[in-house]
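Asks: This is the structure I want to talk about, given as structure tokens.
The values are calculated or read from the model by the stated rules, or taken from the named source; none is laboratory data. These numbers were taken from a predicted model, which means no experiment stands behind them. Cβ coordinates were reconstructed from backbone atoms using ideal geometry, including for glycine residues, and neighbour counts include every protein chain displayed.
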């Protein structure tokens, strides 16, 4: 039996691809191992989105290819296959995205359409990818080059996969894609996200549904209303805004301006005062002046967001913005990033303090061994992997996927502390 180790780099969407591959390898007769030292072959699923992700992937490939037989797949290969074959010929084979069946066949196994993805996350949550690719033409983004145009999964397939996750005792489904709000338009002629959410609501065992990657212009009133009335859909909005300066947004080809952004935030907060807002910004974009950056600082200082991620701009060949050059130094980009994060850090702490004294449902993720085997979990305000976590004070044993009620008692820089007050 062939022993195969798989390493997944990059985003949650990439992790879903890795889990699909694991399922196909297992059904093909491979033995999956966690320890690369015990593997006969190591498969690396790469990210090729921005420069740091590329470098991480290349360093991982170079390190492992010296010791083991290695196969490389994913976004980096999709974009740079010829260059990789030339520069790192030690690798057995290179495969692009969605190439699971080709990999299985390359390894001499039979591919099965009935294979089930292997869930690698705790029982508390799993990702549900509802589409692939993106139709947006954002000037800085290489995703359409790598992943192609938007392709929605048929509704029945998504529901079937969600039912499988429920059977696996998964409690929270995190819906991911490159553009979640666009779901269904390509195959049904109109958006089907609400229909999907209604169907997910019917699945027994699923307690929470969380939406990630919502494009600002597609957050319609109906979605906010549904969220306000739903028993499972969490009031959590992950909206990548990228900037607030009208000049920068226009150059980025985002399709909205600062006034539109403010209206979206107002609509959400008016109907869902307890809504959690997460966003991401890019600093150091080629046309971002000092004045543009000051506008972004001022906007963030207003305190709209619970969570903010900040990326420094990287030139990506093939994108519209590549031709604008890269006039802002790496040092200045990093300085702007840290200044923005420092402002948001205080806002996040302040917003987290609003939870002190409140009793809330929490899903248990597992234990943090670094702090003496302390149980940890998340309240509705905390998405897995990207937000803070909650440390739980309890007298009983807790398992991943347990739902309990906690009283929030402490606030750290990003994390919370809470006391277990009973089953939820």
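Asks: Any chance the stretch 126-143 includes a residue that's out of contact with any helix residue (DSSP H, G or I) (no Cβ under 7 Å at 6 or more places or on another chain) and assigned to a helix (DSSP H, G or I)?
Replies: Looking through the stretch 126-143, at least one residue is out of contact with any helix residue (DSSP H, G or I) (no Cβ under 7 Å at 6 or more places or on another chain) and assigned to a helix (DSSP H, G or I).
Asks: Return the residues of the stretch 293-325 that are in contact (Cβ under 8 Å) with a residue 40 or more places away in the chain, over 19 Å from residue 239 (Cβ atoms), in contact with a strand residue (DSSP E or B) (Cβ under 7 Å, 6 or more places away or on another chain) and outside any loop (DSSP other than H, G, I, E, B); say none if nothing qualifies.
Replies: 293, the sole residue that qualifies.
Asks: Report, by residue number, each residue of the stretch 166-192 that is over 18 Å from the mean Cα position of the chain (by Cα) and touching a residue at least 24 places away in the same chain (Cβ under 8 Å). Reasoning before the result, please.
Replies: So the first thing to find is which residues in the stretch 166-192 are over 18 Å from the mean Cα position of the chain (by Cα), and the list is 166-169, 184-192.
The answer is 166, 167, 168, 169, 184, 185, 186, 187, 188, 191, 192.
Asks: Just a yes or no: is a residue in the stretch 326-342 closer than 23 Å to residue 382 by Cβ, touching a residue at least 60 places away in the same chain (Cβ under 8 Å) and in a helix (DSSP H, G or I)?
Replies: Step one: of the stretch 326-342, the residues closer than 23 Å to residue 382 by Cβ are 337, 340-342.
If we keep only those that are touching a residue at least 60 places away in the same chain (Cβ under 8 Å) as well, we get none.
Checked the stretch 326-342: no residue is closer than 23 Å to residue 382 by Cβ, touching a residue at least 60 places away in the same chain (Cβ under 8 Å) and in a helix (DSSP H, G or I).
Asks: Only one residue in 345, 336 is farther than 15 Å from residue 280 by Cβ and modelled with pLDDT of 95 or more, so which one is that?
Replies: None of the others qualify; the one that does is 345.
Asks: Going through the stretch 276-301 one residue at a time, which ones are under 27 Å from residue 226 (Cβ atoms) and either surrounded by fewer than 19 Cβ atoms within 10 Å (Cβ to Cβ) or outside the structural domain of residue 216 (by TED's automatic domain parsing) (or both)? Full working, then the answer.
Replies: So in the stretch 276-301, the residues under 27 Å from residue 226 (Cβ atoms) come out as 276-280.
Matches in the stretch 276-301: 280 only.
Asks: Pairs, please: C-beta under 7 Å, at least 6 apart or cross-chain, first residue outside the structural domain of residue 172 (by TED's automatic domain parsing) and in the stretch 382-405, second surrounded by fewer than 16 Cβ atoms within 10 Å (Cβ to Cβ) and in a loop (DSSP other than H, G, I, E, B)?
Replies: 388/414; 401/169; 403/424; 404/424; 405/424
Asks: Follow-up. Can you tell me how many residues in the stretch 12-55 are in a helix (DSSP H, G or I) and in contact with a strand residue (DSSP E or B) (Cβ under 7 Å, 6 or more places away or on another chain)? Reasoning before the result, please.
Replies: Filtering the stretch 12-55 for residues in a helix (DSSP H, G or I) gives 12-27, 36-38, 51-55.
If we keep only those that are in contact with a strand residue (DSSP E or B) (Cβ under 7 Å, 6 or more places away or on another chain) as well, we get 12-18, 21-22, 25-26, 36, 38.
Within the stretch 12-55, residues that are in a helix (DSSP H, G or I) and in contact with a strand residue (DSSP E or B) (Cβ under 7 Å, 6 or more places away or on another chain) number 13.
Asks: Go through (1) in contact with a helix residue (DSSP H, G or I) (Cβ under 6 Å, 6 or more places away or on another chain); (2) assigned to a helix (DSSP H, G or I) and name the single condition residue 206 misses.
Replies: It fails just one condition, (2).
Asks: Using the structure shown, decide if residue 74 is out of contact with any helix residue (DSSP H, G or I) (no Cβ under 8 Å at 6 or more places or on another chain) and crowded, with 17+ Cβ neighbours inside 10 Å.
Replies: Values: out of contact with any helix residue (DSSP H, G or I) (no Cβ under 8 Å at 6 or more places or on another chain): no; crowded, with 17+ Cβ neighbours inside 10 Å: yes.
The answer is no for residue 74.
Asks: For the stretch 244-270, how many residues are within 24 Å of the chain's Cα centre (by Cα), assigned to a helix (DSSP H, G or I) and under 14 Å from residue 288 (Cα atoms)?
Replies: Of the residues in the stretch 244-270, 2 are within 24 Å of the chain's Cα centre (by Cα), assigned to a helix (DSSP H, G or I) and under 14 Å from residue 288 (Cα atoms).
Asks: Tally up the residues in the stretch 72-92 that are part of a loop (DSSP other than H, G, I, E, B) and within 18 Å of residue 8 (Cα to Cα), please.
Replies: Restricting attention to the stretch 72-92, the residues satisfying the condition of being part of a loop (DSSP other than H, G, I, E, B) are 88-92.
Add one more test, that the residue is within 18 Å of residue 8 (Cα to Cα), and what stays is 91-92.
Number satisfying all stated conditions: 2.
Asks: Return yes or no: is residue 174 assigned by TED's automatic domain parsing to the domain that holds residue 326, buried (at least 22 other Cβ atoms within 10 Å of the Cβ) and in contact with a helix residue (DSSP H, G or I) (Cβ under 8 Å, 6 or more places away or on another chain)?
Replies: Values: assigned by TED's automatic domain parsing to the domain that holds residue 326: yes; buried (at least 22 other Cβ atoms within 10 Å of the Cβ): yes; in contact with a helix residue (DSSP H, G or I) (Cβ under 8 Å, 6 or more places away or on another chain): yes.
Yes: the conditions hold for residue 174.
Asks: If you don't mind, there's one more thing I want to ask. Identify all residues within the stretch 344-381 that are surrounded by 17 or more Cβ atoms within 10 Å (Cβ to Cβ) and out of contact with any strand residue (DSSP E or B) (no Cβ under 7 Å at 6 or more places or on another chain); write none if there are none.
Replies: 347, 351
Asks: Which is closer than 29 Å to residue 142 by Cβ and under 20 Å from the mean Cα position of the chain (by Cα), of 84, 43, 22, 62? Don't jump to the end; show me each part of the working.
Replies: On the way: 84 fails: under 20 Å from the mean Cα position of the chain (by Cα); 43 fails: under 20 Å from the mean Cα position of the chain (by Cα); 62 fails: under 20 Å from the mean Cα position of the chain (by Cα).
From the options 84, 43, 22, 62, the qualifying one is 22.
Asks: Six or more apart or on different chains, Cβ under 8 Å: which pairs go from a residue in the stretch 194-223 that's not assigned by TED's automatic domain parsing to the domain that holds residue 234 to one that's in a loop (DSSP other than H, G, I, E, B) and at pLDDT 95 or above? Could you list them?
Replies: Note: no pairs meet the criteria.
This table checks each residue for (1) in the same structural domain as residue 146 (by TED's automatic domain parsing); (2) over 17 Å from residue 13 (Cα atoms); (3) not in a helix (DSSP H, G or I).
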| position | (1), (2), (3) |
| --- | --- |
| 57 | no, no, no |
| 70 | no, yes, yes |
| 101 | no, yes, no |
| 111 | no, yes, yes |
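Asks: Please verify whether residue 377 is modelled with pLDDT under 95, over 16 Å from residue 285 (Cβ atoms) and within 21 Å of the chain's Cα centre (by Cα), treating the condition exactly as stated.
Replies: Working: modelled with pLDDT under 95: no; over 16 Å from residue 285 (Cβ atoms): yes; within 21 Å of the chain's Cα centre (by Cα): yes.
When the stated conditions are applied, residue 377 does not pass them.
Asks: If you don't mind, another one. Quick one: how many residues across the stretch 311-334 are under 23 Å from the mean Cα position of the chain (by Cα) and either surrounded by fewer than 15 Cβ atoms within 10 Å (Cβ to Cβ) or more than 17 Å from residue 290 (Cβ to Cβ) (or both)?
Replies: From the stretch 311-334, those under 23 Å from the mean Cα position of the chain (by Cα) are 311-316, 319, 334; that's our starting set.
Narrowing further to those that are either surrounded by fewer than 15 Cβ atoms within 10 Å (Cβ to Cβ) or more than 17 Å from residue 290 (Cβ to Cβ) (or both): 311, 314-316, 319, 334.
The number of residues fulfilling the criteria is 6.
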